[in-house]
Amino acid sequence: MRVYFDYNATTPLAPEVTEAVVRATRETFGNASSVHHFGQQAKAAMDDARTAVATLVNGDPSEVVFTSGGTEADNFAIRGAADALEPTGRRHLIASAIEHEAVLNTYRSLARRGWRTTLLPVDHTGILSPDRLREAITADTALVSVMHANNEIGTIQPVAELAAIAHAHGALMHTDAVQSAGKIPVDVRALGVDLLALSAHKFNGPKGAGVLWIKRGTRMQPIVTGGKHERNRRAGTENVPAIAGLGVAAKLAAGKLAAEGARVGALRDRLEAGILSNVPGTAVNGNADRRVPNTTNVSFDRVEAESLLIALDLEGIAVSTGSACSSGTLEPSHVLKAMGLAAHRTQNSLRFSLGMFSTAEEVDRVVDVLPRLVDKLRGLTRKAG
Ligand SMILES: Cc1ncc(COP(=O)(O)O)c(C=O)c1O
(Lines give C-alpha, C1' and ligand atoms only; values in the text may rest on other atoms or scores of the structure.)
Protein backbone atom coordinates (compact mmCIF):
# COMPACT_ATOMS: atom_id res chain seq x y z
CA MET A 1 0.00 0.00 0.00
CA ARG A 2 1.45 3.36 -1.03
CA VAL A 3 0.21 6.44 0.78
CA TYR A 4 0.55 9.90 -0.74
CA PHE A 5 0.17 12.58 1.92
CA ASP A 6 1.99 15.37 0.10
CA TYR A 7 -0.90 17.12 -1.66
CA ASN A 8 0.50 20.57 -0.80
CA ALA A 9 3.54 19.78 -2.96
CA THR A 10 1.36 18.66 -5.83
CA THR A 11 -1.78 16.64 -6.46
CA PRO A 12 -2.67 13.77 -8.77
CA LEU A 13 -4.94 14.73 -11.66
CA ALA A 14 -8.67 14.20 -11.27
CA PRO A 15 -9.72 11.63 -13.92
CA GLU A 16 -11.95 14.24 -15.59
CA VAL A 17 -8.92 16.55 -15.84
CA THR A 18 -6.75 13.89 -17.46
CA GLU A 19 -9.52 13.30 -19.97
CA ALA A 20 -9.85 17.03 -20.75
CA VAL A 21 -6.07 17.48 -21.13
CA VAL A 22 -5.75 14.46 -23.42
CA ARG A 23 -8.75 15.50 -25.49
CA ALA A 24 -7.51 19.07 -25.87
CA THR A 25 -4.00 17.84 -26.73
CA ARG A 26 -5.42 15.64 -29.44
CA GLU A 27 -8.20 17.81 -30.81
CA THR A 28 -7.72 21.42 -29.75
CA PHE A 29 -4.28 22.07 -31.17
CA GLY A 30 -5.05 25.38 -32.87
CA ASN A 31 -3.37 28.62 -31.87
CA ALA A 32 -5.98 30.55 -29.86
CA SER A 33 -4.93 33.75 -31.68
CA SER A 34 -5.78 32.35 -35.12
CA VAL A 35 -8.99 33.54 -36.77
CA HIS A 36 -9.80 30.22 -38.45
CA HIS A 37 -11.89 27.37 -37.05
CA PHE A 38 -8.97 25.66 -35.27
CA GLY A 39 -7.93 28.87 -33.54
CA GLN A 40 -11.48 29.68 -32.51
CA GLN A 41 -11.90 26.17 -31.11
CA ALA A 42 -8.82 26.73 -28.93
CA LYS A 43 -10.10 30.15 -27.90
CA ALA A 44 -13.47 28.64 -26.94
CA ALA A 45 -11.71 26.06 -24.74
CA MET A 46 -9.81 28.89 -23.03
CA ASP A 47 -12.98 30.92 -22.59
CA ASP A 48 -14.61 27.96 -20.83
CA ALA A 49 -11.65 27.65 -18.48
CA ARG A 50 -11.63 31.40 -17.86
CA THR A 51 -15.27 31.30 -16.82
CA ALA A 52 -14.67 28.28 -14.55
CA VAL A 53 -11.78 30.00 -12.77
CA ALA A 54 -13.75 33.25 -12.46
CA THR A 55 -16.62 31.28 -10.89
CA LEU A 56 -14.24 29.56 -8.45
CA VAL A 57 -12.96 32.91 -7.11
CA ASN A 58 -16.11 35.01 -7.72
CA GLY A 59 -14.33 37.22 -10.25
CA ASP A 60 -15.14 38.23 -13.80
CA PRO A 61 -13.70 36.14 -16.67
CA SER A 62 -12.10 39.30 -18.12
CA GLU A 63 -10.02 39.59 -14.93
CA VAL A 64 -8.42 36.14 -15.31
CA VAL A 65 -4.90 36.01 -16.80
CA PHE A 66 -3.44 32.58 -17.47
CA THR A 67 0.18 32.03 -16.42
CA SER A 68 2.63 29.13 -16.29
CA GLY A 69 1.73 28.50 -12.64
CA GLY A 70 1.75 29.98 -9.15
CA THR A 71 5.35 31.15 -9.28
CA GLU A 72 4.79 33.20 -12.41
CA ALA A 73 1.50 34.54 -11.06
CA ASP A 74 3.26 35.77 -7.89
CA ASN A 75 6.11 37.23 -9.95
CA PHE A 76 3.63 38.97 -12.25
CA ALA A 77 1.63 40.36 -9.31
CA ILE A 78 4.70 41.82 -7.62
CA ARG A 79 6.89 42.86 -10.54
CA GLY A 80 3.91 43.99 -12.62
CA ALA A 81 2.57 46.18 -9.82
CA ALA A 82 6.03 47.49 -8.92
CA ASP A 83 6.77 48.46 -12.52
CA ALA A 84 3.38 50.12 -12.90
CA LEU A 85 3.65 52.05 -9.63
CA GLU A 86 7.31 53.08 -9.86
CA PRO A 87 6.42 56.37 -11.63
CA THR A 88 4.20 57.34 -8.67
CA GLY A 89 7.30 57.50 -6.47
CA ARG A 90 6.16 54.74 -4.13
CA ARG A 91 9.16 52.50 -3.45
CA HIS A 92 8.13 50.26 -0.55
CA LEU A 93 6.86 46.67 -0.56
CA ILE A 94 5.43 44.72 2.38
CA ALA A 95 4.94 40.96 2.77
CA SER A 96 4.63 38.49 5.62
CA ALA A 97 7.73 36.62 6.75
CA ILE A 98 6.10 33.27 5.96
CA GLU A 99 5.43 33.80 2.24
CA HIS A 100 6.41 31.21 -0.34
CA GLU A 101 9.80 31.67 -2.02
CA ALA A 102 7.95 32.82 -5.15
CA VAL A 103 7.14 35.99 -3.21
CA LEU A 104 10.18 36.23 -0.91
CA ASN A 105 12.77 35.86 -3.65
CA THR A 106 10.91 38.28 -5.91
CA TYR A 107 11.05 40.82 -3.08
CA ARG A 108 14.79 40.14 -2.70
CA SER A 109 15.24 40.71 -6.41
CA LEU A 110 13.39 44.05 -6.25
CA ALA A 111 15.35 45.04 -3.12
CA ARG A 112 18.51 44.74 -5.21
CA ARG A 113 16.92 47.23 -7.62
CA GLY A 114 16.42 49.77 -4.85
CA TRP A 115 12.97 48.90 -3.50
CA ARG A 116 12.60 49.01 0.27
CA THR A 117 11.03 45.78 1.56
CA THR A 118 9.50 44.93 4.93
CA LEU A 119 8.69 41.39 6.08
CA LEU A 120 6.08 41.33 8.82
CA PRO A 121 6.43 38.88 11.74
CA VAL A 122 3.69 36.36 12.57
CA ASP A 123 2.60 35.21 16.02
CA HIS A 124 3.50 31.82 17.52
CA THR A 125 0.50 30.25 15.77
CA GLY A 126 1.57 31.52 12.36
CA ILE A 127 -1.02 34.29 12.04
CA LEU A 128 -0.17 37.83 10.95
CA SER A 129 -1.87 40.43 13.13
CA PRO A 130 -3.31 43.37 11.14
CA ASP A 131 -1.62 45.60 13.75
CA ARG A 132 1.78 44.59 12.37
CA LEU A 133 0.69 45.92 8.96
CA ARG A 134 -0.71 49.13 10.49
CA GLU A 135 2.69 49.76 12.10
CA ALA A 136 4.71 49.12 8.94
CA ILE A 137 2.66 50.69 6.17
CA THR A 138 3.51 54.19 4.95
CA ALA A 139 2.44 56.61 2.22
CA ASP A 140 5.40 55.15 0.30
CA THR A 141 4.03 51.58 0.25
CA ALA A 142 3.11 50.38 -3.23
CA LEU A 143 2.08 46.80 -2.55
CA VAL A 144 1.19 44.50 0.33
CA SER A 145 1.50 40.77 -0.38
CA VAL A 146 0.19 38.30 2.20
CA MET A 147 -0.64 34.70 1.38
CA HIS A 148 -4.16 33.41 1.94
CA ALA A 149 -3.11 29.97 3.28
CA ASN A 150 0.40 28.88 4.17
CA ASN A 151 1.88 25.88 2.38
CA GLU A 152 3.74 24.44 5.40
CA ILE A 153 1.25 24.83 8.25
CA GLY A 154 -1.98 25.68 6.41
CA THR A 155 -2.82 28.77 8.47
CA ILE A 156 -5.27 31.23 6.94
CA GLN A 157 -4.42 34.92 7.15
CA PRO A 158 -6.92 37.76 7.75
CA VAL A 159 -6.56 38.92 4.14
CA ALA A 160 -9.75 41.03 4.02
CA GLU A 161 -8.65 43.08 7.02
CA LEU A 162 -5.15 43.45 5.62
CA ALA A 163 -6.54 44.56 2.24
CA ALA A 164 -8.62 47.27 3.91
CA ILE A 165 -5.50 48.62 5.63
CA ALA A 166 -3.48 48.51 2.40
CA HIS A 167 -6.21 50.40 0.53
CA ALA A 168 -6.56 53.01 3.26
CA HIS A 169 -2.93 53.88 2.52
CA GLY A 170 -3.30 53.80 -1.26
CA ALA A 171 -1.38 50.53 -1.66
CA LEU A 172 -2.37 47.51 -3.74
CA MET A 173 -3.11 44.16 -2.10
CA HIS A 174 -1.93 40.85 -3.51
CA THR A 175 -2.66 37.44 -2.04
CA ASP A 176 -1.02 34.14 -2.94
CA ALA A 177 -4.02 31.79 -2.83
CA VAL A 178 -2.10 28.83 -4.27
CA GLN A 179 -2.76 26.72 -1.16
CA SER A 180 -6.34 27.85 -0.57
CA ALA A 181 -7.95 27.94 -4.03
CA GLY A 182 -9.89 24.74 -4.59
CA LYS A 183 -9.71 23.82 -0.88
CA ILE A 184 -11.71 26.53 0.86
CA PRO A 185 -13.96 29.31 -0.47
CA VAL A 186 -11.86 31.99 -2.14
CA ASP A 187 -13.86 35.09 -3.00
CA VAL A 188 -11.88 37.98 -4.47
CA ARG A 189 -14.66 40.47 -3.67
CA ALA A 190 -15.02 39.36 -0.04
CA LEU A 191 -11.23 39.34 0.37
CA GLY A 192 -11.10 42.82 -1.18
CA VAL A 193 -7.81 42.12 -2.95
CA ASP A 194 -6.51 43.61 -6.21
CA LEU A 195 -4.43 40.61 -7.23
CA LEU A 196 -4.72 36.90 -6.46
CA ALA A 197 -2.52 34.00 -7.58
CA LEU A 198 -3.56 30.37 -7.93
CA SER A 199 -2.07 27.22 -9.43
CA ALA A 200 -3.87 24.28 -11.07
CA HIS A 201 -1.61 21.48 -9.83
CA LYS A 202 -2.52 22.17 -6.20
CA PHE A 203 -6.16 21.21 -6.82
CA ASN A 204 -5.98 18.19 -9.11
CA GLY A 205 -5.20 20.15 -12.25
CA PRO A 206 -2.10 19.94 -14.45
CA LYS A 207 1.30 21.43 -13.63
CA GLY A 208 2.40 24.51 -15.52
CA ALA A 209 -0.98 26.24 -15.45
CA GLY A 210 -1.95 29.03 -13.11
CA VAL A 211 -3.78 32.30 -12.92
CA LEU A 212 -3.21 35.82 -11.80
CA TRP A 213 -6.61 37.36 -11.15
CA ILE A 214 -6.31 41.10 -11.68
CA LYS A 215 -9.13 43.31 -10.47
CA ARG A 216 -10.52 45.35 -13.34
CA GLY A 217 -8.85 48.75 -13.58
CA THR A 218 -5.67 47.74 -11.71
CA ARG A 219 -2.60 49.28 -13.27
CA MET A 220 -0.13 46.53 -14.17
CA GLN A 221 2.88 46.18 -16.44
CA PRO A 222 3.34 42.82 -18.18
CA ILE A 223 6.45 40.89 -17.19
CA VAL A 224 6.34 38.57 -20.20
CA THR A 225 6.33 40.79 -23.26
CA GLY A 226 5.66 39.85 -26.86
CA GLY A 227 2.36 39.39 -28.66
CA LYS A 228 -1.05 40.65 -27.66
CA HIS A 229 -2.16 37.53 -25.79
CA GLU A 230 -4.32 37.74 -22.67
CA ARG A 231 -5.38 41.32 -23.57
CA ASN A 232 -1.75 42.46 -23.67
CA ARG A 233 -1.16 41.30 -20.12
CA ARG A 234 0.83 38.07 -20.70
CA ALA A 235 2.44 37.30 -24.02
CA GLY A 236 3.05 33.85 -25.46
CA THR A 237 1.00 31.19 -27.26
CA GLU A 238 -1.24 29.70 -24.59
CA ASN A 239 -0.89 26.12 -23.34
CA VAL A 240 -4.48 25.25 -24.24
CA PRO A 241 -4.53 21.62 -22.97
CA ALA A 242 -3.20 22.66 -19.56
CA ILE A 243 -5.59 25.60 -19.42
CA ALA A 244 -8.51 23.32 -20.34
CA GLY A 245 -7.40 20.99 -17.51
CA LEU A 246 -7.23 23.94 -15.13
CA GLY A 247 -10.79 24.85 -16.08
CA VAL A 248 -12.11 21.36 -15.40
CA ALA A 249 -10.21 21.21 -12.08
CA ALA A 250 -11.72 24.56 -11.09
CA LYS A 251 -15.22 23.37 -11.98
CA LEU A 252 -14.78 20.13 -10.02
CA ALA A 253 -13.39 21.93 -6.98
CA ALA A 254 -16.14 24.57 -7.00
CA GLY A 255 -18.80 21.88 -7.20
CA LYS A 256 -17.78 20.05 -4.04
CA LEU A 257 -15.83 22.54 -1.98
CA ALA A 258 -17.85 22.15 1.22
CA ALA A 259 -18.35 18.38 1.01
CA GLU A 260 -14.73 17.65 0.13
CA GLY A 261 -13.46 20.11 2.75
CA ALA A 262 -15.49 18.30 5.41
CA ARG A 263 -14.37 14.85 4.23
CA VAL A 264 -10.67 15.72 4.02
CA GLY A 265 -10.87 17.73 7.25
CA ALA A 266 -12.25 14.71 9.11
CA LEU A 267 -9.40 12.56 7.76
CA ARG A 268 -6.81 15.17 8.73
CA ASP A 269 -8.27 15.39 12.24
CA ARG A 270 -8.26 11.59 12.57
CA LEU A 271 -4.61 11.52 11.47
CA GLU A 272 -3.64 14.30 13.83
CA ALA A 273 -5.45 12.79 16.82
CA GLY A 274 -3.94 9.40 16.02
CA ILE A 275 -0.40 10.78 15.92
CA LEU A 276 -0.77 12.88 19.07
CA SER A 277 -2.19 10.00 21.10
CA ASN A 278 0.07 7.23 19.77
CA VAL A 279 3.42 9.00 19.47
CA PRO A 280 4.69 10.64 22.66
CA GLY A 281 6.61 13.92 22.30
CA THR A 282 4.57 15.29 19.40
CA ALA A 283 2.89 18.67 18.93
CA VAL A 284 0.96 20.36 16.14
CA ASN A 285 2.43 23.55 14.69
CA GLY A 286 0.22 26.43 13.62
CA ASN A 287 -3.21 27.71 14.52
CA ALA A 288 -5.55 24.72 14.82
CA ASP A 289 -8.72 26.74 14.16
CA ARG A 290 -7.67 28.94 11.25
CA ARG A 291 -6.16 26.61 8.69
CA VAL A 292 -7.04 24.76 5.51
CA PRO A 293 -8.70 21.38 6.19
CA ASN A 294 -6.13 19.19 4.47
CA THR A 295 -2.91 20.15 6.27
CA THR A 296 -1.25 19.30 9.56
CA ASN A 297 2.32 20.06 10.56
CA VAL A 298 3.65 17.99 13.46
CA SER A 299 6.87 18.24 15.47
CA PHE A 300 8.46 15.00 16.69
CA ASP A 301 10.75 15.57 19.68
CA ARG A 302 14.26 14.13 19.34
CA VAL A 303 13.75 13.05 15.73
CA GLU A 304 15.36 14.60 12.68
CA ALA A 305 12.54 15.25 10.22
CA GLU A 306 14.57 14.19 7.20
CA SER A 307 15.34 10.78 8.77
CA LEU A 308 11.68 10.21 9.60
CA LEU A 309 10.67 11.27 6.10
CA ILE A 310 13.05 8.68 4.61
CA ALA A 311 11.90 5.98 7.04
CA LEU A 312 8.29 6.69 6.08
CA ASP A 313 9.17 6.61 2.39
CA LEU A 314 10.69 3.15 2.87
CA GLU A 315 7.27 2.12 4.23
CA GLY A 316 5.60 3.56 1.12
CA ILE A 317 4.36 6.74 2.84
CA ALA A 318 5.08 10.10 1.19
CA VAL A 319 5.11 13.24 3.35
CA SER A 320 7.23 16.37 3.43
CA THR A 321 9.45 18.45 5.68
CA GLY A 322 9.01 22.18 5.76
CA SER A 323 12.75 22.49 5.86
CA ALA A 324 14.76 22.51 2.67
CA CYS A 325 17.85 20.33 2.62
CA SER A 326 20.64 22.30 1.04
CA SER A 327 24.22 21.06 0.61
CA GLY A 328 23.81 18.30 3.15
CA THR A 329 22.57 20.48 5.98
CA LEU A 330 18.97 20.76 7.05
CA GLU A 331 17.87 24.37 6.79
CA PRO A 332 15.30 25.22 9.44
CA SER A 333 11.90 26.11 7.99
CA HIS A 334 11.59 29.90 7.62
CA VAL A 335 7.91 29.56 8.50
CA LEU A 336 8.45 27.75 11.82
CA LYS A 337 11.37 30.07 12.57
CA ALA A 338 9.15 33.13 12.00
CA MET A 339 6.66 31.61 14.48
CA GLY A 340 9.42 31.73 17.07
CA LEU A 341 9.62 27.97 17.61
CA ALA A 342 12.69 26.62 19.38
CA ALA A 343 15.51 25.77 16.95
CA HIS A 344 15.12 21.99 17.33
CA ARG A 345 11.41 22.21 16.55
CA THR A 346 12.06 24.00 13.28
CA GLN A 347 14.01 20.93 12.16
CA ASN A 348 11.92 18.07 13.49
CA SER A 349 8.55 18.73 11.92
CA LEU A 350 6.74 16.94 9.14
CA ARG A 351 3.90 18.16 6.98
CA PHE A 352 1.07 15.77 6.18
CA SER A 353 -1.22 17.09 3.46
CA LEU A 354 -4.24 15.14 2.25
CA GLY A 355 -6.59 15.43 -0.69
CA MET A 356 -8.92 13.96 -3.28
CA PHE A 357 -7.81 10.32 -3.12
CA SER A 358 -6.95 10.14 0.60
CA THR A 359 -8.78 7.48 2.62
CA ALA A 360 -9.32 6.47 6.26
CA GLU A 361 -7.33 3.27 5.59
CA GLU A 362 -4.34 5.38 4.58
CA VAL A 363 -4.67 7.50 7.70
CA ASP A 364 -4.82 4.39 9.89
CA ARG A 365 -1.77 2.92 8.17
CA VAL A 366 0.28 6.04 8.89
CA VAL A 367 -0.87 6.13 12.53
CA ASP A 368 -0.02 2.45 12.78
CA VAL A 369 3.49 2.74 11.33
CA LEU A 370 4.67 5.98 12.94
CA PRO A 371 5.21 4.92 16.60
CA ARG A 372 7.62 2.14 15.60
CA LEU A 373 9.63 4.37 13.23
CA VAL A 374 9.84 7.21 15.73
CA ASP A 375 10.90 4.82 18.53
CA LYS A 376 13.61 3.38 16.33
CA LEU A 377 14.98 6.80 15.35
CA ARG A 378 14.92 7.98 18.96
CA GLY A 379 16.78 4.82 19.97
CA LEU A 380 19.44 5.58 17.39
CA THR A 381 19.74 9.15 18.66
CA ARG A 382 20.14 7.88 22.23
CA LYS A 383 22.88 5.46 21.19
CA ALA A 384 24.69 8.11 19.15
CA GLY A 385 24.46 10.51 22.12
C1 LIG B 1 1.99 29.14 -1.36
C2 LIG B 1 2.59 28.81 -2.70
N3 LIG B 1 2.82 29.79 -3.58
C4 LIG B 1 3.34 29.55 -4.79
C5 LIG B 1 3.69 28.26 -5.18
C6 LIG B 1 4.26 28.05 -6.54
O7 LIG B 1 3.32 27.51 -7.42
P8 LIG B 1 3.79 26.71 -8.72
O9 LIG B 1 4.33 25.39 -8.26
O10 LIG B 1 2.54 26.55 -9.55
O11 LIG B 1 4.81 27.53 -9.41
C12 LIG B 1 3.49 27.21 -4.28
C13 LIG B 1 3.89 25.84 -4.64
O14 LIG B 1 4.48 25.12 -3.85
C15 LIG B 1 2.91 27.49 -3.00
O16 LIG B 1 2.70 26.52 -2.11
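Mind counting the residues in the range 266-290 that are open to solvent by 70 Å² or more (accessible area, probe 1.4 Å) and of a type outside the set (D, E, K, R)? Reasoning before the result, please.
To start, the set of residues in the range 266-290 that are open to solvent by 70 Å² or more (accessible area, probe 1.4 Å) comprises 269-270, 276-278, 280, 289-290.
Now restrict to residues that are of a type outside the set (D, E, K, R): 276-278, 280.
So the answer is 4.
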Legend entry - Top-ranked residue of the range 79-101 - restricted to ones that are among the β-branched types (Val, Ile, Thr) and not in a helix (DSSP H, G or I), ranked as nearest to the ligand (Cβ to nearest atom): 98
Legend entry - Subset tally (residues that are surrounded by 16 or more Cβ atoms within 10 Å (Cβ to Cβ) and not in a loop (DSSP other than H, G, I, E, B)) for the range 358-370: 7
Inset, instruction - Among the residues of the range 54-73, write down those that are among the aliphatic types (A, V, I, L, M) and under 19 Å from residue 224 (Cβ atoms). - result: 64, 65, 73
Legend entry - Odd one out for residue 63, checked against (1) open to solvent by less than 10 Å² (accessible area, probe 1.4 Å); (2) within 16 Å of the ligand (Cβ to nearest atom); (3) closer than 26 Å to residue 208 by Cα; (4) not hydrophobic (A, V, I, L, M, F, W, C): (2)
Inset, instruction - Could you tell me whether any residue of the range 151-165 is open to solvent by less than 20 Å² (accessible area, probe 1.4 Å), more than 19 Å from residue 69 (Cα to Cα), touching a Lys or Arg at 6+ places or on another chain (Cβ under 9 Å) and not in a loop (DSSP other than H, G, I, E, B)? - result: yes
Legend entry - Neighbours by Cβ (under 7 Å, 6+ apart or cross-chain): first from the range 238-256, more than 14 Å from residue 67 (Cβ to Cβ); second assigned to a helix (DSSP H, G or I) and open to solvent by 40 Å² or more (accessible area, probe 1.4 Å): 241/25; 247/48; 248/16; 252/16; 254/55
Inset, instruction - Report whether or not residue 124 is touching a Gly at 6+ places or on another chain (Cβ under 6 Å) and open to solvent by 10 Å² or more (accessible area, probe 1.4 Å). - result: yes
Legend entry - Matching entry among 26, 50 (being on the phi < 0 side of the Ramachandran plot, touching a residue at least 12 places away in the same chain (Cβ under 8 Å), in a helix (DSSP H, G or I) and of a type in the set (Lys, Arg)): 50
Inset, instruction - Kindly list the number of the only condition in (1) open to solvent by less than 20 Å² (accessible area, probe 1.4 Å); (2) β-branched (Val, Ile, Thr); (3) free of Cβ contacts under 8 Å to residues at least 60 places away in the same chain; (4) touching a strand residue (DSSP E or B) at 6+ places or on another chain (Cβ under 7 Å) that fails for residue 106. - result: (4)
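Is the range 200-221 home to any residue that is charged (D, E, K, R) and within 16 Å of the ligand (Cβ to nearest atom)?
Narrowing the range 200-221 to residues charged (D, E, K, R): 202, 207, 215-216, 219.
From the residues that got through so far, the ones that are within 16 Å of the ligand (Cβ to nearest atom) too are 202, 207.
Yes - at least one qualifying residue is present in the range 200-221.
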Inset, instruction - From (1) in a strand (DSSP E or B); (2) more than 16 Å from the ligand (Cβ to nearest atom), pick out the condition that doesn't hold for residue 196. - result: (2)
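For residues that are more than 16 Å from the ligand (Cβ to nearest atom), of a type outside the set (A, V, I, L, M) and part of a helix (DSSP H, G or I), tally how many sit in the range 102-114. Walk me through how you get there before you give the answer.
Taking the range 102-114 and keeping what is more than 16 Å from the ligand (Cβ to nearest atom), we get 110-114.
Now narrow it down to the ones that are of a type outside the set (A, V, I, L, M): 112-114.
Okay, now just the ones that are also part of a helix (DSSP H, G or I), so 112.
Total meeting the criteria: 1.
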Legend entry - Answer residue from the range 6-17, given it is in contact (Cβ under 8 Å) with a residue 12 or more places away in the chain and assigned to a helix (DSSP H, G or I) and is surrounded by the fewest Cβ atoms within 10 Å (Cβ to Cβ) among those: 16
Inset, instruction - Pull up the range 303-331, narrow it to residues that are out of contact with any strand residue (DSSP E or B) (no Cβ under 8 Å at 6 or more places or on another chain) and on the phi > 0 side of the Ramachandran plot, then point me to the one that is modelled with the lowest pLDDT. - result: 327
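The values are calculated or read from the model by the stated rules, or taken from the named source; none is laboratory data. Note that this is a predicted model, so its numbers are computed, not measured. Cβ atoms come from the backbone with ideal geometry, glycine included; neighbour counts cover every protein chain shown. When the accessible area is computed, the model is the full protein with side chains, heavy atoms only, and any ligands, DNA or RNA have been set aside. Shrake-Rupley method; radii C 1.70, N 1.55, O 1.52, S 1.80 Å.
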